[in-house]
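**Q** The structure under discussion is supplied below as structure tokens; questions concerning it will follow.
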Amino acid sequence: PLSLELLHSLASKAARNGFGLRTQSPFKPYYTGLLRKANYGGRESAKHSEHMQKLAAALGKDRLYRGMDREIESLVAPEIIALFPLTTYCNHSCSPNAQVRSQEFVDAHIDVVAIKDIAIGNEVCISYIGLGDLRWGWRSKFQRQKELQGRYLFHCEC
């Protein structure tokens, strides 16, 4: 049966086992660039009106209007979402024996790489959160537990 607990569980699994990537619309930087040009004349100039008419025509519109950047973004800015079923089989550990290398992918693939020897039959564990490093200091148990409870809805006993 559908419940709030089930929805929380699904949301935390999606957050843990997926990623989203969204690019910016080219409209905003283009428009801002036009306004910053020294020889442009500013918003109320004839040059501004001429450029805005050309831009509207290129977009297939009669005129430009407020909020158009969001509309353009939905048409031209790619949005990619991916879920990785492999990571659903990996439980969390604050002392993981593997790590997910998802920042290095280009083709929507990830790698789960052993960072310690893993004996046959032992569970592959990853950290669901950044643990910190020696340069900046390790995160405290309290900090880790708070983030895991907030983001993934479980109490860590590591």
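The values are calculated or read from the model by the stated rules, or taken from the named source; none is laboratory data. These figures come from a predicted structure and were not determined experimentally. Because the Cβ atoms are built from the backbone with ideal geometry, glycine has one as well, and the counts that use them run over all protein chains shown. To get the accessible areas, we keep the full protein, side chains included, count just its heavy atoms, and leave off ligands, DNA and RNA. Shrake-Rupley method; radii C 1.70, N 1.55, O 1.52, S 1.80 Å.
**Q** Would you point out which residue out of Asp107, Asp62, Asp69 is part of a loop (DSSP other than H, G, I, E, B), modelled with pLDDT under 75 and within 30 Å of Pro29 (Cβ to Cβ)? Before the answer, list the steps.
**A** Details: Asp62 fails: modelled with pLDDT under 75; Asp69 fails: part of a loop (DSSP other than H, G, I, E, B).
Answer to the selection: Asp107.
**Q** What are the pairs with Cβ atoms under 8 angstrom where one residue, in region 73-101, is assigned to a strand (DSSP E or B) and among the β-branched types (Val, Ile, Thr) and the other, located anywhere, is surrounded by 17 or more Cβ atoms within 10 Å (Cβ to Cβ) and at pLDDT 80 or above? Sequence gap at least six, or different chains.
**A** Pairs found: Val100/Cys90; Val100/Ile126.
**Q** Yes or no: region 12-35 includes at least one residue that is part of a helix (DSSP H, G or I), open to solvent by 50 Å² or more (accessible area, probe 1.4 Å) and modelled with pLDDT of 75 or more.
**A** Checking region 12-35: not a single residue is part of a helix (DSSP H, G or I), open to solvent by 50 Å² or more (accessible area, probe 1.4 Å) and modelled with pLDDT of 75 or more.
**Q** Taking the residues in region 128-158 that are at pLDDT 80 or above and among the aromatic types (Phe, Trp, Tyr) as candidates, determine which candidate is surrounded by the fewest Cβ atoms within 10 Å (Cβ to Cβ).
**A** Filtering first and then ranking leaves Phe142.
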